[in-house]
Amino acid sequence: MNRSFPRNMFRKILVPVVHGCDFKDSLQVASSIASCESILLAGIVDVTDEGSLSAGALPAQDLRKSLRQIKSKQEINSLEVIRVTDKPWKELLKVVREEKPDLMVLESLHCDIFGLSIHEVMEKATCNIVVVCGTLPRKIEQVLVPLRGGPNAELALRLGLSLLRHGRASINTLHIVPKTSKASSRDIAFRGLQRVLNNMPEINRQYLQTDNPASAILLASKEYDLMILGATGFSADPAVGLGEVAETILREKSRGLLIVKVYRPPSTNMESEFVGQTAISVLVDKWFAENTYHANEFSDLKELLALKQKQKVTISLALPALNEEKTVGKVITTVKRELMERVPLLDEIVLIDSNSKDKTREIAEKHGIPVHVHQDTLPQYGARMGKGEALWKSLYVTSGDIILWIDTDIVNIHPRFLYGLLGPLLLRPDIVFIKGYYRRPIKLNGKTESSGGGRVTE
């Protein structure tokens with residue numbers, strides 16, 4: 001599996017399905033940038049020319065049937081309620097308010113049905129938006145993303161990365177540098193984005209110096225199946241349109257083109273270098289995906305043992321405890337049996353106790369585990385309250401090259417709690433610290449909720 005990017009960069013993508021209007025291109029785009037469970041179809045029946053809204057009953061039935069078929073074949077979600085309206089654009093904005101999508105994908109023909117220009121649709125949209133223009137190829141393999149900087153460029157880059165992840169497309173960026181003396185000031189919005197690109201070797205980057213960006217982009221785009229373009233300049237004034245560059249490309253390009261715009265409050269400075277730096281979240285998503293593992297990936301303990309032996313490292317387990325007599329015995333026996341006796345991954349287990357008042361220490365000693373009270377360890381540094389004191393002093397009483405910690409109050413103890421932590425450290429020597437996370441139930445008002453009790457573990 002490609003681990004370079006998270007499964008979905010977009011949590012929810014809204015695709016309007018207007019009765020009587022083709023939507024295969026917008027659905028193709030949505031399916032190429034996210035998995036099916038992230039796509040939501042919203043059915044809209046426009047009765048503007050019909051007079052009475054009741055005239056939409058039969059078209060609504062047809063649309064429901066079509067959505068059920070799509071849902072069955074492609075496992076794509078759809079809203080159960082079809083919207084019948086004589087104001088389709090206002091109805092769509094209502095759906096956006098209710099569903100709060102990360103992205104809405106429209107086709108340029110939708111704009112005609114709404115009675116709006118592409119510029120007006122983008123200016124009035126209350127969420128991030130993509131408008132599909134031109135003719136899309138059946139398979140998108142080569143993608144060009146012209147980047148100037150700012151939020152719209154960031155969204156264009158996210159779409160490109162999603163196409164790389166889901167559609168296996170090759171992503172190529174093009175940055176136009178003006179020749180004029182004001183080039184440095186005009187290029188300021190690109191600086192934050194450039195920091196992101198410098199950390200993405202999988203993206204092919206091109207730079208071109210010209211004072212005619214529209215012509216240069218159009219010429220370069222002939223070699224690509226699809227171009228993703230941010231609205232290059234935006235104003236509420238329809239005369240300004242999408243910006244000179246985007247308007248020129250929109251008029252002259254017939255092949256696949258996606259025009260994107262980020263929803264921002266009117267007060268946002270779209271030219272700020274700091275706006276461009278929000279693209280750093282792309283790197284965070286990328287890092288998270290590359291460095292997040294599931295314990296099941298390391299269930300082959302013999303493979304882990306081979307990695308340990310090859311690297312000639314020793315592994316210690318420190319068990320912090322405070323009054324855990326009900327669970328500490330099972331934790332020790334389970335771990336010791338599976339990870340010391342059956343497969344010798346652990347070289348030592350120690351209990352670092354916080355001066356328990358019950359039989360925690362006695363139980364550990366009965367199982368042959370060395371016990372240390374952290375208040376009595378390294379007394380020259382004093383004794384402090386809290387688990388952190390036990391953790392750092394456990395480093396003094398263990399000898400392993402790798403130190404693992406798990407709690408002693410785990411009710412559903414399983415070896416995965418340990419090999420899930422150990423696996424990445426043995427597989428990737430460049431990783432020096434790892435932390436587990438999982439959903440943890442919590443009891444509220446006598447009822448058990450499936451999550452919310454983890455605090456630092458979820």
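The values are calculated or read from the model by the stated rules, or taken from the named source; none is laboratory data. Small disclaimer: the values here were computed from a predicted structure and weren't measured. Cβ sites come from the backbone with ideal geometry, for glycine too, and all protein chains shown count toward neighbours. We work out accessible area using only protein heavy atoms, side chains counted, and drop any ligands, DNA or RNA first. Shrake-Rupley method; radii C 1.70, N 1.55, O 1.52, S 1.80 Å.
Of the residues making up segment 314-335, those that are within 21 Å of Leu391 (Cβ to Cβ) and either open to solvent by less than 60 Å² (accessible area, probe 1.4 Å) or of a type in the set (S, T, N, Q) (or both) number 15. Evaluate segment 148-162: report whether one residue or more is open to solvent by less than 40 Å² (accessible area, probe 1.4 Å), polar (S, T, N, Q), in contact with a strand residue (DSSP E or B) (Cβ under 7 Å, 6 or more places away or on another chain) and within 22 Å of Arg264 (Cβ to Cβ). There is at least one residue in segment 148-162 that is open to solvent by less than 40 Å² (accessible area, probe 1.4 Å), polar (S, T, N, Q), in contact with a strand residue (DSSP E or B) (Cβ under 7 Å, 6 or more places away or on another chain) and within 22 Å of Arg264 (Cβ to Cβ).
Residue count for segment 364-388 satisfying the condition of being part of a helix (DSSP H, G or I) and either over 22 Å from Ile332 (Cβ atoms) or open to solvent by 40 Å² or more (accessible area, probe 1.4 Å) (or both): 9.
Every residue in segment 249-276 that is modelled with pLDDT under 80, of a type in the set (Ser, Thr, Tyr) and open to solvent by 60 Å² or more (accessible area, probe 1.4 Å), please. Of everything in segment 249-276, those that are modelled with pLDDT under 80, of a type in the set (Ser, Thr, Tyr) and open to solvent by 60 Å² or more (accessible area, probe 1.4 Å) turn out to be Ser254, Ser267.
Scanning segment 163-173 for residues that are out of contact with any Lys or Arg (no Cβ under 8 Å at 6 or more places or on another chain), open to solvent by less than 10 Å² (accessible area, probe 1.4 Å) and part of a strand (DSSP E or B) gives a single hit, Ile171. If you go through segment 115-135 one residue at a time, how many are outside any strand (DSSP E or B) and either open to solvent by 20 Å² or more (accessible area, probe 1.4 Å) or among the charged types (D, E, K, R) (or both)? Qualifying residue count for the region: 10. Asp401 meets each of the listed conditions (1) among the charged types (D, E, K, R); (2) under 18 Å from Lys308 (Cα atoms); (3) within 31 Å of the chain's Cα centre (by Cα) apart from (3).
Residues satisfying the criterion are present in segment 390-411 (criterion: β-branched (Val, Ile, Thr) and farther than 22 Å from Ser316 by Cβ).
Within segment 26-67, being in contact with a helix residue (DSSP H, G or I) (Cβ under 9 Å, 6 or more places away or on another chain), crowded, with 20+ Cβ neighbours inside 10 Å and under 29 Å from Arg168 (Cα atoms) holds for Ser26, Leu27, Val29, Ala30, Ser32, Ile33, Ala34, Ser38, Ile39, Leu41, Ala42. Scanning segment 400-409 for residues that are touching a strand residue (DSSP E or B) at 6+ places or on another chain (Cβ under 6 Å), open to solvent by 30 Å² or more (accessible area, probe 1.4 Å) and either part of a loop (DSSP other than H, G, I, E, B) or not β-branched (Val, Ile, Thr) (or both) yields a single hit, Trp405. Number of residues in segment 347-360 that are crowded, with 18+ Cβ neighbours inside 10 Å and in contact (Cβ under 8 Å) with a residue 40 or more places away in the chain: the value is 4. Quick check, is Lys357 within 18 Å of Lys326 (Cβ to Cβ) and in a loop (DSSP other than H, G, I, E, B)? In short, yes. Per the conditions (1) of a type outside the set (Lys, Arg); (2) surrounded by fewer than 23 Cβ atoms within 10 Å (Cβ to Cβ); (3) in contact (Cβ under 8 Å) with a residue 60 or more places away in the chain, the sole criterion not satisfied by Asp86 is (3).
Each row is one residue, and each column tells you yes or no for (1) modelled with pLDDT of 80 or more; (2) part of a helix (DSSP H, G or I).
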site: Asn412; (1), (2): yes, no
site: Leu418; (1), (2): yes, yes
site: Leu421; (1), (2): yes, yes
site: Leu425; (1), (2): yes, yes
site: Asp430; (1), (2): yes, no
site: Lys435; (1), (2): yes, no
site: Thr457; (1), (2): no, no
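Within segment 345-354, being in a loop (DSSP other than H, G, I, E, B), touching a Lys or Arg at 6+ places or on another chain (Cβ under 9 Å) and not small (Gly, Ala, Ser) holds for Leu345, Leu346.
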